Amino acid sequence: MKRALTVFSALALSLSGCSAVTRGGALSSVPAASDRGMFLSTSGAPGRYTTLGFVQVRGYGVQVAGYQEAGHATLDGPIRGALAAEASRMGGNGVIHIEFLDENPTTDFERAQAAAQSIQNLASGQRGVEAKDRYVTVTGEVIRFEGAVQ
Amino acid sequence: MVDSPVPMRPVAASLLLLAGCTASTFTRLPSPDPIRPFVTAEGIPAGSPYDSLGLVQVTRRGVLVFGFADPAGTEVDAALEELELEARKAGADGVVNARVLKQPWTLAERITGAVLFFLPLPSEVTVTGEFVRLRKATAGSVP
C-alpha cells in the first residue's frame, strides 16, 4: 500500500503543475510614443545610434509562502529600474537587444506546496513561513541615438 | 593472433566513454499559418512599426521517468505550445527574439536513468521572448 502511494505521489508530482509563466510589462513600441525617456527593446534600434557599452543587472528577491514576492526579482523591476538607471548614467537614451532570464521561477505546484508547508509550520509553531531566494538577470546594449528617437 | 600496434582495449574503453557524450534537442515548428502567432528568434526588422505587448518567459519543469518518458512535457515543443497560448491570451501577433534554454540529457545518461529507474532525471525547458503586435503596414506578414 505504502509503495503504491509513493508511486502515485511520484506520478502526480511529475504530471501536475509543471509550468511557470513569468510576464513583464511592455517595452518601447516603434515608432516610439515619445522621443523622451529611455528606449527599451529586445530588438535593434529604429534609427542611427552609437553603442556606449553593455550592462547586466541581476535582481534579487525573496518569495514568501509561495505567493508573496519581495525585492526586485521581477522582470519589470531590473529593466525599468537598474538597467535604465545604469544606461542613463552612461549617457545613453536607449537599451537594445535586451535579454532576460528569470533564473528560478516557481511553478503552480511549488507555490501551493510552499503555501501549504508555511501554514503547517505556523500551525505547529515549529518553524516560520517558507522563503525562497529569487533571481532575475537582464542584459542589454546601451546606446545613444544620433538625433531623435524614431 | 597477430599483435596490433595499437592497444585495442584502451581504445575501445575510450570510445565507450566518449560515445553518447553529445546531447541534442530539436523541435520542428509548424508551417507559417496566418491564424497562429508566429515565434521567431529574430527581432523586428528596422523600420517596421510594431507595438510591444510585454515580455514573457515560459518554464516547464518535471522529471524524466525511466530515462525517456516525459509525462510533464519538458521538451521544447511543449514550451512553445504554451508560449503560443500565452501569445493568444495577450492578443499578440507573435513572439520575437525567442530564446530557448534546455539542458538535454545524453543517451548514456538516459540509459543510466532507465536502469536506475527509482532515480528520475530532473528536466526543465525555458523559452523567453517579447510579445508584439504588428502595425497595419506589416500586419499578417511574418518578419
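Answer yes or no as to whether B:Ala98 is at pLDDT below 90, buried (at least 17 other Cβ atoms within 10 Å of the Cβ), within 11 Å of another protein chain (Cβ to nearest Cβ) and touching a Gly at 6+ places or on another chain (Cβ under 6 Å).
Working: at pLDDT below 90: no; buried (at least 17 other Cβ atoms within 10 Å of the Cβ): yes; within 11 Å of another protein chain (Cβ to nearest Cβ): yes; touching a Gly at 6+ places or on another chain (Cβ under 6 Å): yes.
Considered against the rule, which asks whether it is at pLDDT below 90, buried (at least 17 other Cβ atoms within 10 Å of the Cβ), within 11 Å of another protein chain (Cβ to nearest Cβ) and touching a Gly at 6+ places or on another chain (Cβ under 6 Å), B:Ala98 comes out as no.
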Of the listed residues (B:Ala137, B:Ala92), the one being part of a loop (DSSP other than H, G, I, E, B) and at pLDDT below 90 is B:Ala137
Given (1) open to solvent by 20 Å² or more (accessible area, probe 1.4 Å); (2) within 11 Å of another protein chain (Cβ to nearest Cβ), number of the condition B:Trp105 does not satisfy: (2)
Output for region B:64-82, where each listed residue is within 9 Å of chain A (Cβ to nearest Cβ) and within 27 Å of A:Ser43 (Cα to Cα): B:Ala78, B:Ala79, B:Glu82
Residues in region A:36-68 that are over 23 Å from A:Thr22 (Cβ atoms) and part of a loop (DSSP other than H, G, I, E, B) total 7
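Can you say whether B:Arg61 is within 9 Å of chain A (Cβ to nearest Cβ) and farther than 23 Å from A:Glu103 by Cβ, as far as the supplied structure shows? Step through it out loud before you land on a result.
Numbers: within 9 Å of chain A (Cβ to nearest Cβ): yes; farther than 23 Å from A:Glu103 by Cβ: no.
Spelling it out, it is not the case that B:Arg61 is within 9 Å of chain A (Cβ to nearest Cβ) and farther than 23 Å from A:Glu103 by Cβ.
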Subset tally (residues that are open to solvent by 20 Å² or more (accessible area, probe 1.4 Å) and either among the acidic types (Asp, Glu) or under 14 Å from B:Leu53 (Cβ atoms) (or both)) for region B:75-85: 5
Out of the residues in region B:37-58 that are open to solvent by 50 Å² or more (accessible area, probe 1.4 Å) and at pLDDT 90 or above, state the one that is nearest to the other protein chains (Cβ to nearest Cβ). B:Glu42
Could you figure out which of (1) away from every other protein chain (no Cβ under 13 Å); (2) not in a loop (DSSP other than H, G, I, E, B) isn't true of B:Pro34? (2)
Conditions (1) modelled with pLDDT of 90 or more; (2) under 20 Å from A:Ala20 (Cβ atoms) -> B:Ala72 fails only (1)
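Kindly indicate whether B:Glu124 is open to solvent by less than 40 Å² (accessible area, probe 1.4 Å), within 11 Å of chain A (Cβ to nearest Cβ), touching a residue at least 24 places away in the same chain (Cβ under 8 Å) and touching a Ser or Thr at 6+ places or on another chain (Cβ under 9 Å). Working first, answer last.
On the way: open to solvent by less than 40 Å² (accessible area, probe 1.4 Å): no; within 11 Å of chain A (Cβ to nearest Cβ): yes; touching a residue at least 24 places away in the same chain (Cβ under 8 Å): yes; touching a Ser or Thr at 6+ places or on another chain (Cβ under 9 Å): yes.
Taking the combined requirement at face value, the residue does not satisfy it.
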Within region B:98-129, residues farther than 20 Å from A:Pro105 by Cα and either touching a strand residue (DSSP E or B) at 6+ places or on another chain (Cβ under 9 Å) or not in a loop (DSSP other than H, G, I, E, B) (or both) come out as B:Trp105, B:Leu107, B:Ala108, B:Glu109, B:Arg110, B:Ile111, B:Thr112, B:Gly113, B:Ala114, B:Val115, B:Phe117, B:Pro120
Looking at (1) within 12 Å of chain B (Cβ to nearest Cβ); (2) farther than 26 Å from B:Ala98 by Cβ, which is the only condition A:Gly66 fails? (1)
Only residues that are open to solvent by less than 20 Å² (accessible area, probe 1.4 Å) and under 15 Å from A:Pro78 (Cβ atoms): list them for region A:101-135, please. A:Asp102, A:Pro105, A:Arg134
Of all residues being open to solvent by 40 Å² or more (accessible area, probe 1.4 Å) and in a strand (DSSP E or B) in region A:69-97, which is modelled with the highest pLDDT? Just the residue, please. A:His97
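The values are calculated or read from the model by the stated rules, or taken from the named source; none is laboratory data. The structure presented is a predicted model; accordingly, all values stated were derived computationally and were not measured. Note: ideal-geometry Cβ built from the backbone for every residue, glycine included; neighbour counts use all protein chains shown. These area figures cover heavy atoms from the full protein model, side chains too; ligands, DNA and RNA do not enter into them. Shrake-Rupley method; radii C 1.70, N 1.55, O 1.52, S 1.80 Å.
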